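For reference, the structure is listed below as C-alpha cells.
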Amino acid sequence: MHTMIKTDYLVIGSGIAGLTCAHLLSEFGNVLVITKGELKSANTYSAQGGIAAVIEKEDSFESHLNDTIKAGAGHNKESAVKYLVEHAPKAIRFLESIGVKFEKTPVLEACHSRPRVWRTSDFTGRDILNQLIKTVQKNKKISIKEYIDAVEIIESDDGCHGVFAREGDETELKPIFAKQTILATGGFGQLFGRTTNTLGSGGDGLALAINAGLELEDIEFVQFHPTALDLEDKGKYFLLSEVLRGFGARIVDQDGKQFIQQFDPRGELAPRDLVSRAVFFELMNGPVYLDMRHLDEKVIKKTFPNIYKQAKEYGFDIVNDKVPITPVAHYACGGIPVDLKGATKMPGLFAVGEVACTGVHGANRLASNSLLEAVVFSISIADSIERSVEIDKDRDPEIKDIKPPEVVIEDIAQVKAYSSRIGKIMWKRAGIIRTKEGLEQAKKQIVEIPARDYRIQHRQLVCYKILEACLNRPHSLGAHYISDELA
Ligand code: SIN
C-alpha cells in the first residue's frame, strides 16, 4: 500500500451491502472498497434463501410488517420496519437493474403469512454477489483492494476520517482517508464455535465502533439457525435453507417422529429462535434429522440443485436419507445503531447490513429480511448523502502528521487457537440457552485469554460486549433465551 490513500467514499466490506453502496455512491465521487479477504469471501456468497418483498397484488406491506414484528417478538422499531417493507420493491428493482434474474414465483419461509421470498435459485446470495461484482469491477470510479484489514477508525473532533489499515502480512498500519466511511463488515457468527458464517464474520466492524467510543444495540439477539447439516467431525456446518421446510421438510427425532409441534403449533415453520431451541433440547436425547424423503424427489432436486449437490459432496443424500442437523450461529440482529439514513452517531461514519442495527429485526430476524435490509439501507445511504446539506462534500479528510497505532501480530496458528477457544466459550455459555452464571463465567474466561494480537483482542472486545448485553437483559426475549431468568 502507498503511504497514504485518500478517497471520497471508503466502503469496508464486499458483501451485498458494501458493493451496493459502492455502486450507488460512485455516482457522487470516487469509491474505494477494501475487504479483508478476497472479494467473494463475503457471507452474502453463502446466503441461500432470498429476498422478502411485497410484489404480488394479493400481498400487502401491512402483512410483511406484521410478520416481521411477530418474528422479532415485538422488539422491532416499527418506523424502520415500515421503511424496510415499503422500500422492498425498489430493492428488487435495483437488483434486477444490475442483472439479477429472480424466479417468477416467490417461495415460503417460516413466519411469512404467504410466499413472498424472491430467489434466483437456492444460492440467491451467490447470484446477487456475482452480479454486483461484475457491476463494480467495470466501474472506473470504484477501486477495489483485497486483503486489507481495517484496524482502527481515524477520528478527530469533526468525526470519522477513514481508517488505519493493514495490508496483507505487513506489520505496520497505514491511513486511508475518506470524506465518508461506510462500515459494511457483516456479522459475528465466527465468534461462536458452530456457525455456517464465512471466516471473515468475526465482528470486525463492531470492534472498530467500540474502540471509537460508539455504543452497540441489541447484540444479545444472536439468531441461531435450526437446520445446519452437522459435519462436526469435519469441523464444518452446511446450511440447509429454511425454504426446504417451506416445501415441507420435516424435523424428526432419532425415532423418526416430528416433535417441534410440542413446542409450537406452527411446527417446522415456527419462528427460527423457537425451532432452534426445540432442536437443541432434542439433541440432548439423541440425533435430530431433517427428513425430505416424503417429498417429490424431482421437485427437490430441481428447486434446490446447489444444496442437493453440496450436501452430496459432503456425503449426504438429502432426498433419499434423513440427514443430521444442528442449530448454528447465523445472524446478528443487532449492531451499530443507525438512523434510517444509515448514519451512526459519529459524523462521517455510516453502517449498513449485518453490522448495523436499524431496528428492523427486533429480537429475532424474519427470514430473508437480511439481504433486503442491506439493499434498502444502501440505497438510503446513497440518497441521503447525495441530498444532505449537512454533509460537507468538499471537506479534505486528510489529517496531517498523524501516527498510526502500533499493533501486535502473533503467529497465525496462535490466532486460530485463540479464536477456537473463544468459539467454544461463546457457544457453550452464550449460545442457544444462557444462564446468568454461565455468562459471568464466560466474561472471565474471555478476558483471561492472554492474546496480544489485535485480531484476537478485537474478538475479545466484541464477545465481552455481547456477554454484557446478555446480562443486561435478565428476561428471555426472541433469540435471547436465559433459562434462569426467574432465579
Ligand atoms: C435460509 O435460507 O434458511 C436462510 C435465510 C435467512 O437467513 O434469511
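Could you grab me the full set of residues in the stretch 293-321 that are part of a loop (DSSP other than H, G, I, E, B) and crowded, with 20+ Cβ neighbours inside 10 Å? Walk me through it before giving the result.
Taking the stretch 293-321 and keeping what is part of a loop (DSSP other than H, G, I, E, B), we get 293-296, 304, 314-321.
Passing the criteria: PHE304, PHE316, ILE318.
Please enumerate the residues belonging to the stretch 326-353 that are in a strand (DSSP E or B), open to solvent by less than 10 Å² (accessible area, probe 1.4 Å) and touching a Phe, Trp or Tyr at 6+ places or on another chain (Cβ under 7 Å).
Of everything in the stretch 326-353, those that are in a strand (DSSP E or B), open to solvent by less than 10 Å² (accessible area, probe 1.4 Å) and touching a Phe, Trp or Tyr at 6+ places or on another chain (Cβ under 7 Å) turn out to be THR326, PRO327, VAL328, ALA329, ALA332.
Restricting attention to the stretch 12-29, does a residue exist that is within 25 Å of HIS480 (Cβ to Cβ), touching a residue at least 12 places away in the same chain (Cβ under 8 Å) and not small (Gly, Ala, Ser)?
no
Scan the stretch 12-39 for residues that are crowded, with 24+ Cβ neighbours inside 10 Å, farther than 17 Å from LYS90 by Cβ and not aliphatic (A, V, I, L, M) and jot them down.
Once the filter is applied, which keeps residues that are crowded, with 24+ Cβ neighbours inside 10 Å, farther than 17 Å from LYS90 by Cβ and not aliphatic (A, V, I, L, M), the stretch 12-39 yields GLY13, SER14, GLY15, GLY18, THR35.
Starting from the stretch 436-459, take each residue that is in contact (Cβ under 8 Å) with a residue 60 or more places away in the chain and list its partners that are part of a helix (DSSP H, G or I), counting only C-beta distances under 7 angstrom and pairs at least six apart or across chains.
ARG455/VAL415; HIS458/ASP204; HIS458/ALA207; ARG459/LEU191; ARG459/SER419; ARG459/ILE422
Results for (1) over 30 Å from SER276 (Cα atoms); (2) touching a strand residue (DSSP E or B) at 6+ places or on another chain (Cβ under 6 Å); (3) of a type in the set (D, E, K, R), shown as yes or no for each residue.
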| residue | (1), (2), (3) |
| --- | --- |
| HIS112 | no, no, no |
| TRP118 | no, yes, no |
| VAL151 | yes, yes, no |
| GLY200 | no, no, no |
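Scan the stretch 183-229 for residues that are hydroxyl-bearing (Ser, Thr, Tyr), open to solvent by 10 Å² or more (accessible area, probe 1.4 Å) and in a strand (DSSP E or B) and jot them down.
THR195 - this is the single residue of the stretch 183-229 that is hydroxyl-bearing (Ser, Thr, Tyr), open to solvent by 10 Å² or more (accessible area, probe 1.4 Å) and in a strand (DSSP E or B).
Quick one: in the stretch 230-272, of everything that is open to solvent by less than 20 Å² (accessible area, probe 1.4 Å) and assigned to a helix (DSSP H, G or I), which residue is nearest to GLY189 (Cα to Cα)?
The extreme case among them is ARG272.
When you scan the stretch 202-217, do you find a residue that is out of contact with any Phe, Trp or Tyr (no Cβ under 7 Å at 6 or more places or on another chain) and within 14 Å of the ligand (Cβ to nearest atom), even just one? Please lay out each step first, then the result.
Taking the stretch 202-217 and keeping what is out of contact with any Phe, Trp or Tyr (no Cβ under 7 Å at 6 or more places or on another chain), we get 204-205, 207-217.
Retained after the next criterion (residues that are within 14 Å of the ligand (Cβ to nearest atom)): none.
No, the stretch 202-217 has no match at all.
Among the listed residues GLU485, GLU398, GLU390, identify the single one that is modelled with pLDDT under 95, closer than 29 Å to ARG277 by Cα, among the charged types (D, E, K, R) and out of contact with any Asp or Glu (no Cβ under 9 Å at 6 or more places or on another chain).
GLU485 is the lone residue from the list that is modelled with pLDDT under 95, closer than 29 Å to ARG277 by Cα, among the charged types (D, E, K, R) and out of contact with any Asp or Glu (no Cβ under 9 Å at 6 or more places or on another chain).
Can you tell me which residue is farthest from the ligand (Cβ to nearest atom) among those in the stretch 354-387 that are at pLDDT below 95 and within 22 Å of LYS6 (Cβ to Cβ)?
GLU386
Just checking, which of SER384, SER476, SER388 is farther than 22 Å from GLN223 by Cα and within 25 Å of the chain's Cα centre (by Cα)?
Among SER384, SER476, SER388, only SER384 is farther than 22 Å from GLN223 by Cα and within 25 Å of the chain's Cα centre (by Cα).
Can you tell me which condition ARG459 does not meet? The list is (1) under 30 Å from ALA71 (Cβ atoms); (2) open to solvent by 50 Å² or more (accessible area, probe 1.4 Å); (3) in a helix (DSSP H, G or I), and all the others hold.
The one condition ARG459 does not meet is (2).
Suppose we filter the stretch 51-110 for residues that are touching a residue at least 40 places away in the same chain (Cβ under 8 Å), in a helix (DSSP H, G or I), surrounded by fewer than 23 Cβ atoms within 10 Å (Cβ to Cβ) and small (Gly, Ala, Ser); how many remain?
Looking only at that region, the number is 3.
Return the residue satisfying two criteria in turn: it lies in the stretch 111-123 and is at pLDDT 95 or above and hydroxyl-bearing (Ser, Thr, Tyr), and of such residues it is surrounded by the most Cβ atoms within 10 Å (Cβ to Cβ).
THR120
In the stretch 232-251, how many are of a type in the set (A, V, I, L, M, F, W, C) and either under 23 Å from the mean Cα position of the chain (by Cα) or near the ligand (Cβ under 8 Å from one of its atoms) (or both)?
Selection size over the stretch 232-251: 5.
The values are calculated or read from the model by the stated rules, or taken from the named source; none is laboratory data. In this text, all values refer to a predicted model and were calculated from it rather than measured experimentally. All Cβ positions, even for glycine, are placed from backbone atoms using ideal geometry, and neighbour counts span all protein chains on display. SASA here: full protein model, heavy atoms, side chains in, ligands and nucleic acids out. Shrake-Rupley method; radii C 1.70, N 1.55, O 1.52, S 1.80 Å.
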